[in-house]
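Report on the structure given below.
The values are calculated or read from the model by the stated rules, or taken from the named source; none is laboratory data. These numbers come from a predicted model, not from an experiment. Note: ideal-geometry Cβ built from the backbone for every residue, glycine included; neighbour counts use all protein chains shown.
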Amino acid sequence: MPKDMATTESLSVHAAFVRAQAEMARAIKAATNPHLKSKYADLGAVQDACMPALHSHGFAVIQPLGRDEHGPHVRTILIHESGERLEECPVPIILTKQDMQGLGSAITYARRYGLLCMSGVAPEDDDGNTASRPAARQPAETAQRPQPDATAHLTAINGAQSLAGLRIAWDAATRDLGNPPPVAIIEAKDARKEALSAPDPQAPADPTDPPF
């Protein structure tokens with residue numbers, strides 16, 4: 001094969017993989033580990049996340065068993081329709097039980113991690129997308145939050161017996177209802193302030209009444 005042809009094919013398979021990876025989804029953690037009581041993305045979830053994109057761009061996946069000086073392993077190979085292939089380093093098969101069930105579980109585990117590494121897919125919780133957008137839930141939560149009652153503040157403002165007492169009622173209203181508070185609160189404060197500020201010829205001026 002001429003050198004320039006090999007270069008063209010290599011660039012072609014790399015470009016195809018880039019396009020495929022851009023279309024891959026996240027592997028959803030839908031399976032439950034009975035020992036750790038935690039969710040994880042099983043082999044089927046990983047395949048669902050990457051296989052459609054790989055197939056649409058001319059890739060097939062094979063995961064043969066092998067052995068080297070370190071022991072048995074699973075290799076993950078992406079074969080492209082051009083004849084090129086992409087390979088990764090082998091994932092070792094580590095047995096926890098010396099029987100066929102243990103062997104099958106170890107092979108599945110190695111295949112899952114090999115495909116995750118080769119595709120670049122990452123596992124994600126079922127509600128990961130929602131949890132990553134807390135601001136999107138904020139309006140609904142705010143709508144459900146009970147709103148402060150202005151009636152009690154109106155009563156306190158209208159019942160104030162001095163400018164100092166009115167100031168205390170006003171500060172409480174702005175703290176609970178916002179600053180500025182509702183128009184009804186402002187109008188009640190202004191009316192009560194005017195009434196309390198009216199000169200009383202029988203009462204001396206009180207220098208402690210604060211202006212506001």
Residues located in region 27-76, provided they are of a type in the set (S, T, Y), part of a strand (DSSP E or B) and within 19 Å of M118 (Cβ to Cβ): Y40
Selected residue (criterion: surrounded by the fewest Cβ atoms within 10 Å (Cβ to Cβ)) from residues of region 92-117 that are among the small types (G, A, S) and under 35 Å from the mean Cα position of the chain (by Cα): G104
Region 125-179 - residue that is surrounded by fewer than 10 Cβ atoms within 10 Å (Cβ to Cβ) and among the β-branched types (V, I, T) and, of those, modelled with the highest pLDDT: T151
Filtered residues of region 77-91 (kept if surrounded by 15 or more Cβ atoms within 10 Å (Cβ to Cβ) and assigned to a strand (DSSP E or B)): I77, L78, I79, H80, L86, V91
Subset tally (residues that are under 15 Å from M118 (Cα atoms) and in contact (Cβ under 8 Å) with a residue 60 or more places away in the chain) for region 12-26: 7
Output for region 160-186, where each listed residue is among the small types (G, A, S) and within 43 Å of the chain's Cα centre (by Cα): A169, A172, A173, G178, A184
